[in-house]
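The values are calculated or read from the model by the stated rules, or taken from the named source; none is laboratory data. Keep in mind that this is a model prediction, so the values were computed, not measured. All Cβ positions, glycine included, derive from the backbone under ideal geometry; neighbour counts span all protein chains shown. Protein only, heavy atoms only, side chains kept; ligands, DNA and RNA dropped before computing areas. Shrake-Rupley method; radii C 1.70, N 1.55, O 1.52, S 1.80 Å.
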Amino acid sequence: MALEVGIVGLPNVGKSTIFNALTAAGALAANYPFATIEPNVGIVAVPDERLKILNQFQKTEKILPASLRVVDIAGIVRGASTGEGLGNKFLSHIREVDAVLHVVRCFGGTEILHVEGTVDPIRDIETIDTELALADLETVTSSMDKSIRQARSGDKEAIARVALLTRCKEVLNEAKPVRGLEFTPDEKILVKGLGLITAKKVLYIANVDESDIHGQGPLAEKVRERAKAEGGFVVPVCGKLESELSELAEGDRKEMLAAMDLKEPALATLTREAYKLLGLQSYFTTGPKEIRAWTVPVGATAPQAAGVIHTDFERGFIRAEIYTIDDLLKHKTEAAIKAAGKMRAEGKSYIMHDGDVVHFLFNV
């Protein structure tokens, strides 16, 4: 199952505008694929300039970037944890995603009414944090009752589980997310098994006004300070502008970006940051048929990376021949890279690096 990010936010913060712009902008560059799996799930290409560099040295029939699954989750309202609005449906959807993109309204105006009547990004963040913490508190409390009964018999795993659940409960009682806690590898597995929503990594999207496209205004700055305190990150996005850009042909889009002194749409930055948030990285294969970015988790070994292409590649892995894009820029061809001694032969224990260009040798 591919990893997914879910877009969440209060109603009327621009969440669906950003989701629709993201998925409509599947064509951020030629051959970027886009597909909608369900009405609220999209596959978004991860923009990567390195593919264009590879194409300068290797002519090919098609270029395939890495992709990201994005889920548009129904807007949450105050009281969602007790079933208000689409409460239970919202919570079940957010439990299923691997990380969260939290859209926060950082634009004023009365054209779009705020559900709370005024614009206050920190209050909005805390509203959602509270609802998610209350939902997790219910999960932890019910799991705790069972674990306490098992712990009475001296079950070591149950005793450890009670200690962990107690720590989580203390934080959730203060309406704070459990992602701020330090967990051992075993505890991380347990927390994941519980499906705790507030354990998921969060990237904030500050939905800014057209007059503040770089997110330097006071509202976006508040979100930035909040994210910094949590060890998180913020991407400023003007949903209105991105929506307009996503509907333009590539030439017109470039023209509009140039007029605004922008190198690329903000959604390109957002997609790359979401990819990193999931702990993912890319390696490349090149050839006359295709140049392709393949997705692997950070820390994947060479055989695991080979298995992403085909399970036979992992099973019969012999070695990986690897070079970097910097090597290619310097030496121009793979033959020259080999002659310069820069083509590395790596074995089964090699840990993949982001941007590796690879040929796998295998025998089945």
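Would you check the accessible area of MET260, probe 1.4 Å, heavy atoms only, in square angstrom rounded to 10?
70 Å²
If the only charges are +1 at each Lys and Arg Cβ and -1 at each Asp and Glu Cβ, what is the size of the charge dipole of segment 194-283 around the Cα centre, to the nearest 20 debye?
My answer is approximately 640 debye.
With runs of 4+ DSSP H residues as the only contributors, calculate the mean residue ellipticity of the chain at 222 nm using -39,500 (n - 2.57) per run, divided by the residue total and rounded to the nearest 500.
-13000 deg cm²/dmol
Leaving out ligands and nucleic acids, note down the accessible area per residue over segment 107-211 with a 1.4 angstrom probe, in whole Å².
55 Å²
List the residues whose amide H sits under 5 Å from the amide H of VAL237, counting only those 5 or more places along or on another chain, with H placed 1.01 Å from N in the peptide plane.
HN-HN under 5 Å from VAL237: ALA206, ASN207, VAL208.
State the percentage of accessible surface on segment 230-351 attributable to carbon and sulfur atoms; use a 1.4 Å probe and exclude ligands, DNA and RNA.
Ligands and nucleic acids excluded, carbon and sulfur give 54 percent.
If the only charges are +1 at each Lys and Arg Cβ and -1 at each Asp and Glu Cβ, what is the size of the charge dipole of segment 216-364 around the Cα centre, to the nearest 20 debye?
Here the size comes out at about 500 debye.
Mind checking segment 118-216 for GluC sites (Glu not before Pro) that DSSP puts in a loop (not H, G, I, E or B) and that have at most 10 other Cβ atoms within 10 Å?
When the GluC sites (Glu not before Pro) of segment 118-216 are filtered for loop state and at most 10 Cβ neighbours within 10 Å, GLU174, GLU182 remain.
What residue among ALA199, HIS310, VAL5 has its Cα farthest toward the positive end of the dipole of the chain, where the charges are +1 on Lys, Arg and -1 on Asp, Glu, each on the Cβ?
Checked the options; the winner is HIS310.
Quick one: putting +1 on the C-beta of Lys and Arg, -1 on the C-beta of Asp and Glu, what dipole do you get for segment 198-245 around its Cα centre, in Debye to the nearest 20?
380 debye
Remind me, relative contact order of segment 280-364 in percent, using alpha carbon pairs under 8 angstrom and six or more residues apart?
That works out to 40 percent.
Any number yet on Rg/Rh for the chain, C-alpha, Kirkwood?
Taking Rg over the Kirkwood Rh, I get 1.02.
Which ³J(HN,Hα) values, rounded to whole Hz and listed in residue order, are derived for segment 329-345 from phi using the Karplus coefficients 6.51, -1.76 and 1.60 in 6.51 cos²θ - 1.76 cosθ + 1.60 with θ = phi - 60°, glycine and proline given as x?
Per residue, the Karplus-derived 3J(HN,Hα) values read 4, 7, 9, 6, 9, 5, 4, 5, 5, 4, 4, 7, x, 9, 8, 8, 9 Hz.
Whole Å is fine, so just give me how far the alpha carbon centre of segment 237-294 lies from that of segment 188-207.
Distance between centres, Cα-based: 25 Å.
Semi-axes of the equivalent ellipsoid for segment 211-364, please: Cα gyration tensor eigenvalues, times 5, square-rooted, ordered largest first, whole Å.
38, 20, 15
For LYS146, give me every one of the lysines with a C-alpha distance below 29 angstrom, ignoring sequence neighbours fewer than eight places off in its own chain.
Excluding near neighbours in sequence, the set is LYS89, LYS156, LYS169, LYS176, LYS188, LYS192, LYS200, LYS201.
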